[in-house]
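The values are calculated or read from the model by the stated rules, or taken from the named source; none is laboratory data. As the structure is a computational prediction, the values presented were derived from the model and not from experiment. Cβ: placed from backbone, ideal geometry, glycine included. Neighbour counts: every protein chain shown.
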Amino acid sequence: METEILARIQFAFTIAFHYIYPPMSIGLGLILVIMEGLYLKTGNKVYEQMTRFWIRIFALIFGIGVATGIIMEFEFGTNWATYSKYVGDIFGSALAAEGIFAFALESGFLGILLFGWKRVSPRVHFFSTLMVFLGSAFSAVWIVVANSWQQTPAGFHIVGEGLDARAEVTDFWTMVFNPSSMERLTHVWIGAILAGAFLVLSVNAYYIKKKKFLEIAIPAFKISLVVATLFSIAQFFAGSISAEGVAVNQPAKLATLEGHYDSSSVADMYMFGWVNQQEQKVYGVKIPGGLSFLVHKDFKTPVTGLNAFKTDERPVQVNAVFQVYHIMIAIGMAMIALTIFASYRWWRGKLFETKWLMTIFVWSVLLPQIANQAGWFAAEMGRQPWVVYGLLRTSNALSKTVSANQIVFSLVLFTLVYTTLLILFLYLLNKKIVHGPVDYDEKDAIEEGSRGENPLLNH
């Protein structure tokens, strides 16, 4: 296998594994702010107990996220040295800002969040919770800014030529607010919030099914359901705005996402399908002229197709990009339907009566995770063959000295280490879930009160 493909596989594997955790920490951070805010306002110990429980899980997610993220910085230097040199000034600015304004804020207040319950006042602790959440959200800002610059470069000029060429910042704020950064940031933030909300829904649905810790599980489920419903709907609009931005800034990517080849024809929007790249056709269920309407607000106006671009300036794996993009959309619509239906059942006073609905919510934790991963694969694969859109090809961004055998060896090691970390994470997470959202000295009393029929289930 070619060195370039191996290097891409390795980076895709490491970043995809890492990206399981930061979205959950951002989303869970928001849930913690809401829970502790309710405790501060009402003084109800139920909100305190659920906050304490989810802080423990937040700490676990945060720790694994940091451990899995460090390795990617080394990969830039080992596998992608030319790329690192080319974007070093851009990424250096963004990542320095991330360290100063985001990670320092998050980690600085993390100790108070974890260990400050008996050491600081409730208001100070709530402030720490808020700062940790904002720190995690700000981290996403600078990471997305750096990635969005690769998609839509702005605020720079090129210094040097050939292998010595590099992008240099000429306007920091133009670089930050490049044409795609804000719309993509909104999309990423909402996806992260959904990852946290559905994690809370999943665990509390499990408790409700088992009729355990109901005094805490039911209100926690309702809090996260409100968040999940609002942000599932918001993601529909954020995704639409992001797609409109792709149409303007990356027309080749947009054509790839829908398998659209002919620039002279109306562009359809597919619900699902299969791209036959040899025939340059898509077989599936479609909305005739749907993509034309998205781009031009008219069902009959043609959209630029893949045939308008040179073969070596458009993605090779069109069907793969098409599939992951439509997986993301399908899951997004499923989350909207699920949360709205559950909200309706809540309004009717029958939310917790149907076991099959709680079973779906137990497994629903996978939905935003798969959607987030699919969305990033669509964004990154759809950008190919460019690592910096229109400026630096992926094939030219590789290190000149790294060999295929070296990458294979390190990929095997990373796979073993990351598999071990995943097993450890799942073991510790399961242990915390089984223990439940109470302190050890309170567990027996609450379990006793949660046995049998519980009137909370009817509200």
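Specify the residue that is nearest to the chain's Cα centre (by Cα); the eligible residues are those in region 237-286 that are charged (D, E, K, R), surrounded by 13 or more Cβ atoms within 10 Å (Cβ to Cβ) and assigned to a loop (DSSP other than H, G, I, E, B).
The initial filter retains those residues of region 237-286 that are charged (D, E, K, R), namely 244, 253, 258, 262, 268, 279, 281, 286.
Next cut, surrounded by 13 or more Cβ atoms within 10 Å (Cβ to Cβ) only: 244, 253, 258, 262, 268, 281, 286.
Next cut, assigned to a loop (DSSP other than H, G, I, E, B) only: 258, 262, 268.
On the way: Glu258: 22, Asp262: 32, Asp268: 27 Å.
Residue satisfying both the conditions and the ranking: Glu258.
Identify, from the list Lys297, Lys310, Lys253, the residue that is out of contact with any strand residue (DSSP E or B) (no Cβ under 9 Å at 6 or more places or on another chain) and touching a residue at least 40 places away in the same chain (Cβ under 8 Å). I'd like the intermediate steps shown before the answer.
Working: Lys297 fails: touching a residue at least 40 places away in the same chain (Cβ under 8 Å); Lys310 fails: touching a residue at least 40 places away in the same chain (Cβ under 8 Å).
Matching residue, one of Lys297, Lys310, Lys253: Lys253.
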Exercise for the section: Answer yes if at least one residue in region 268-284 is over 18 Å from Val318 (Cβ atoms) and of a type in the set (Ser, Thr, Tyr), and no otherwise. Expected result: no
Exercise for the section: Output yes when any residue across region 306-322 is surrounded by 14 or more Cβ atoms within 10 Å (Cβ to Cβ), of a type in the set (D, E, K, R) and in a loop (DSSP other than H, G, I, E, B), and no when none is. Expected result: yes
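From Phe377, Phe361, which residue is within 21 Å of Gly196 (Cα to Cα) and buried (at least 20 other Cβ atoms within 10 Å of the Cβ)?
Numbers: Phe377 fails: buried (at least 20 other Cβ atoms within 10 Å of the Cβ).
Only one candidate passes the filter, namely Phe361.
Being over 26 Å from His187 (Cβ atoms) and either aliphatic (A, V, I, L, M) or touching a residue at least 24 places away in the same chain (Cβ under 8 Å) (or both) is the filter here; which residues of region 109-145 pass it?
Step one: filter region 109-145 for residues over 26 Å from His187 (Cβ atoms), giving 109-128.
Correct list: Phe109, Leu110, Ile112, Leu113, Leu114, Trp117, Val120, Pro122, Arg123, Val124, His125, Phe126.
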Practice task
Spot the failing condition for Phe237; the list is (1) at pLDDT below 90; (2) closer than 30 Å to Leu28 by Cα, and only one is missed.
Solution key: (1)
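Quick check: is even one residue across region 92-108 in contact with a strand residue (DSSP E or B) (Cβ under 8 Å, 6 or more places away or on another chain), over 25 Å from Leu429 (Cα atoms), of a type outside the set (Phe, Trp, Tyr) and surrounded by 17 or more Cβ atoms within 10 Å (Cβ to Cβ)? Full working, then the answer.
Our first condition is that a residue be in contact with a strand residue (DSSP E or B) (Cβ under 8 Å, 6 or more places away or on another chain); within region 92-108, this holds for 93.
Okay, now just the ones that are also over 25 Å from Leu429 (Cα atoms), so 93.
Imposing the further condition that a residue be of a type outside the set (Phe, Trp, Tyr) reduces the set to 93.
Those still in the list that are surrounded by 17 or more Cβ atoms within 10 Å (Cβ to Cβ) too: 93.
Yes, the conditions are met somewhere in region 92-108.
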Exercise for the section: Keeping to region 133-169, report how many residues are under 20 Å from Val66 (Cα atoms), touching an Asp or Glu at 6+ places or on another chain (Cβ under 7 Å) and among the aliphatic types (A, V, I, L, M). Expected result: 1
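Pick from Leu367, Leu338: which is out of contact with any helix residue (DSSP H, G or I) (no Cβ under 6 Å at 6 or more places or on another chain), crowded, with 17+ Cβ neighbours inside 10 Å and under 30 Å from Leu214 (Cβ atoms)? Spell out the reasoning first.
Values: Leu367 fails: out of contact with any helix residue (DSSP H, G or I) (no Cβ under 6 Å at 6 or more places or on another chain).
Answer to the selection: Leu338.
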Practice task
Return the pairs, sorted by first residue and then second, in which the second residue is of a type in the set (Phe, Trp, Tyr) and part of a helix (DSSP H, G or I), the first residue lies in region 177-188 and is under 14 Å from Phe138 (Cα atoms), the beta carbons are less than 9 Å apart, and the residues are 6+ apart or on different chains.
Solution key: Ser181/Trp149; Val188/Trp376
Practice task
May I ask you to verify whether Thr420 is surrounded by fewer than 15 Cβ atoms within 10 Å (Cβ to Cβ) and of a type outside the set (Gly, Ala, Ser)?
Solution key: yes
Handout entry: Candidate set: region 155-197, residues that are in a helix (DSSP H, G or I) and hydroxyl-bearing (Ser, Thr, Tyr); chosen: the one surrounded by the fewest Cβ atoms within 10 Å (Cβ to Cβ)
Key = Thr174
